[in-house]
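What follows is calculated from the coordinates using simple rules that are stated; it is not laboratory data. This is a predicted model, so every value here is computed, not measured. A quick note on method: Cβ atoms are made from the backbone with ideal geometry, for glycine too, and the neighbour counts reach across all protein chains shown.
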Number of protein chains: 2
Amino acid sequence: MKATVYVTIKENVLDPQGNAVQGSLQTLGFSEVSKVRIGKYLELQLDTNDRAQAEERVKAMCEKLLANTVVEDYRFELEG
Amino acid sequence: MKATVYVTIKENVLDPQGNAVQGSLQTLGFSEVSKVRIGKYLELQLDTNDRAQAEERVKAMCEKLLANTVVEDYRFELEG
């Protein structure tokens, strides 16, 4: 089973990396870009076929390691 | 218009960050995780309503700045 995890910075938290990228895009002439937010995208291969259990386990992975829930949100999809 | 960009490491390129996360997950007891690949997830706010043009522009942004096409793949979605 494959899990795809998206970790994003919470809406009210500053994203200096995103601001830097936005500045670079402006410098390159992409003036239409008014905002950039950067997050993480993770693909996990799981050796299990139990969807309900996988959902619980991936949630635990996010809470414990993959996301810093103080400043980040996460969501994930399971397939296979 | 909003663009969501996914930048991933090409399949045949090593992902040391992913390997480190996999090791940490194993240490935490998530032994079912057999592979981890980490990429970037970007949300861009674009001040335009021309979808065709936006598609071309976001492609140019990816090629020029957002992805290193030697070792990374990218794909994006437009909405709004």
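Here is a check on your reading of the model: is A:VAL70 exposed (fewer than 12 other Cβ atoms within 10 Å of the Cβ) and among the hydrophobic types (A, V, I, L, M, F, W, C)?
Spelling it out, A:VAL70 is indeed exposed (fewer than 12 other Cβ atoms within 10 Å of the Cβ) and among the hydrophobic types (A, V, I, L, M, F, W, C).
Within the range B:27-64, work out how many residues are among the polar types (S, T, N, Q) and at the interface with chain A (Cβ under 7 Å from one of its Cβ atoms).
Qualifying residue count for the region: 3.
This table checks each residue for (1) of a type in the set (Gly, Ala, Ser); (2) under 15 Å from A:GLN45 (Cα atoms); (3) under 16 Å from the mean Cα position of the chain (by Cα).
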residue	(1), (2), (3)
B:SER34	yes, yes, no
B:LEU42	no, no, yes
B:ASP47	no, no, no
B:LYS59	no, no, yes
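Quick check on my filter: what residues within the range B:12-60 are free of Cβ contacts under 8 Å to residues at least 24 places away in the same chain, part of a helix (DSSP H, G or I) and in contact with a helix residue (DSSP H, G or I) (Cβ under 9 Å, 6 or more places away or on another chain)?
B:VAL21, B:SER24, B:LEU25 - these are the residues of the range B:12-60 that are free of Cβ contacts under 8 Å to residues at least 24 places away in the same chain, part of a helix (DSSP H, G or I) and in contact with a helix residue (DSSP H, G or I) (Cβ under 9 Å, 6 or more places away or on another chain).
Which residue is farthest from A:CYS62 (Cα to Cα), if the candidates are limited to the range A:16-26 and must be at the interface with another protein chain (Cβ under 10 Å from one of its Cβ atoms) and not hydroxyl-bearing (Ser, Thr, Tyr)?
It comes out as A:LEU25.
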